[in-house]
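Have a look at the structure below before the remarks.
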Amino acid sequence: MPIKNGDFIKITYTGRLENGDIFDTTDEKVAKEEDIFDESAEYGANMIVIGSGHIVKGLDEDVVGKEVGYKGSVRIPPEKGFGERDPALIETVMISKFEKRPYPGMRVGIGGRMGTVETVIGRRARVDFNHPLAGETVVYDYTIEERIKGTKAKIEGLIDLYAHADLDVDIEGDVATVIVPYALSFDQRWLVSKQQIANEIFAHTKIREVRYVEKHVAPEKKPKKRRKKKESGPKG
């Protein structure tokens, strides 16, 4: 059955520039060989929902109509990849806005935007807020590994995609209950993503209510050590 918009699938891929330089991959071995390995990243097949913007538009569109098991490549122009380079997104920023002294090539977050420092002159820095791959034509080699079926599996996949967490999910009718460990309640990624997860559950399943239930577990009580009675010697 051909892949269509709204399908949940698992995909593996390697993204490279036209000169062959690899900038992204789901293959841990390739990441290490190309010196782009990230210890905080999860390697292996990624779950995505086709048409939901989980991958660049050109790759998203190319997957549609293919079958599970398909292996191929797609060349993606900037407008369907990481965007055209916009000169208006190169701005001058006072260095007082930075948490530490900026330097050329430094990746920075300012006002909720990520950028790259181009130059630093006196008290000002020139920052490029374009995506690092803006203006680049890229090539993705990819494989469609599997199609995900079942509401529970889809919800678990969305939670892993957005929050990188493995949570228990219970479904009763059109209500999904997600058990959230207490410690996760303070995780910034979870706090930001839980509404988006719920929105996508509503958009792609028949679930009409999502309940996030915070779970607290009592610490195990250590058994009290019994004090040994002192042996009383014979009375003289």
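Coordinate-derived values only; no laboratory data. Note that the structure is a prediction, hence the values are computed from the model and not measured. Here the Cβ is made from the backbone with ideal geometry for all residues, glycine too, and neighbour counts use every protein chain on show.
For q = 0.14, 0.24, 0.33 Å⁻¹, what log10 I(q)/I(0) does segment 87-128 give under the Debye formula with an equal point scatterer on each alpha carbon and no solvent?
-0.23, -0.72, -1.42
From the phi of every residue in segment 10-23, what ³J(HN,Hα) in whole Hz does the Karplus formula 6.51 cos²θ - 1.76 cosθ + 1.60 yield, where θ is phi - 60° and glycine or proline is x?
Karplus-based 3J(HN,Hα) across segment 10-23 equals 10, 9, 10, 7, 9, x, 9, 7, 5, 7, x, 5, 8, 10 Hz.
Quick one: which residues, 5+ away or cross-chain, put their amide H under 5 Å from the amide H of Lys215? H built at 1.01 Å from N.
So Lys215 has HN proximity to Val180, Tyr182.
Mind jotting down the distance between the C-alpha centroids of segment 194-227 and segment 89-131, whole Å?
40 Å
Per 10 Å bin, what is the whole-percent P(r) computed from every C-alpha pair distance within segment 141-184?
23, 49, 21, 7
Taking N as the number of residues in the chain, what is its alpha-carbon radius of gyration divided by 2.2 N^0.38 Å?
Dividing the Cα radius of gyration by 2.2 N^0.38 Å gives 1.44.
Only counting other Cβ atoms within 10 Å, I'd like Ile22, Ile179, Ile76 sorted with the fewest neighbours first.
Ile179, Ile22, Ile76
Which ³J(HN,Hα) values in Hz, rounded to whole numbers, follow from the phi angles of segment 193-207 under the Karplus curve 6.51 cos²θ - 1.76 cosθ + 1.60, where θ = phi - 60° and Gly and Pro get x?
9, 5, 5, 5, 4, 4, 4, 6, 4, 5, 6, 10, 9, 8, 5
Would you work out the relative contact order for segment 150-218, in percent, from Cα pairs under 8 angstrom that are 6 or more residues apart?
Values: 83 pairs, mean separation 24.8, N = 69.
RCO, segment 150-218: 36 percent.
Please report the net charge: other residues with Cβ closer than 13 Å to the Cβ of Phe8, K and R +1, D and E -1.
Surrounding charge for Phe8 is 0.
Send over the semi-axes of segment 1-109's equivalent ellipsoid, whole angstrom and largest first, taken as the square roots of 5 times the C-alpha gyration tensor eigenvalues.
They are 32, 19, 14 Å, listed from largest to smallest.
Name the residues whose placed amide hydrogens come within less than 5 Å of the amide hydrogen of Arg124, ignoring near sequence neighbours (fewer than 5 apart) on the same chain.
Ile95
Grab the alpha carbons of segment 69-198, take their convex hull, and tell me the volume per residue in Å³.
Looking at segment 69-198, the number lands at 161 Å³ per residue.
If we count other beta carbons within 10 Å of each Cβ, what is the order of Met47, Met94, Met1, Met106, fewest first?
Arranged by neighbour count, lowest to highest, Met47, Met94, Met1, Met106 become Met1, Met94, Met106, Met47.
Please turn the phi angles of segment 85-93 into ³J(HN,Hα) values with the Karplus equation 6.51 cos²θ - 1.76 cosθ + 1.60 (θ = phi - 60°), one per residue in order, whole Hz, x for glycine and proline.
6, 10, x, 5, 8, 9, 10, 9, 10
Considering amide H positions built from the backbone, and no H for Pro or chain starts, which residues 5 or more places from Phe23, or on another chain, come under 5 Å of its amide H?
Those lying under 5 Å, H to H, from Phe23 are Gly15, Arg16, Leu17.
Taking every eigenvalue of the Cα gyration tensor of segment 150-218, multiplying by 5 and rooting it, what semi-axes result, largest first, whole Å?
Each semi-axis is √(5λ); the values are 19, 14, 10 Å.
Go ahead and estimate [θ] at 222 nm for the chain from helices alone: -39,500 (n - 2.57) per DSSP H run with n ≥ 4, summed, over the residue count, rounded to 500.
-5500 deg cm²/dmol
For Arg123 and Lys206, calculate 0.36 nm times their separation in residues minus their Cα-Cα distance, and state this gained length in nm to one decimal.
Going from the current span to full extension adds 24.4 nm.
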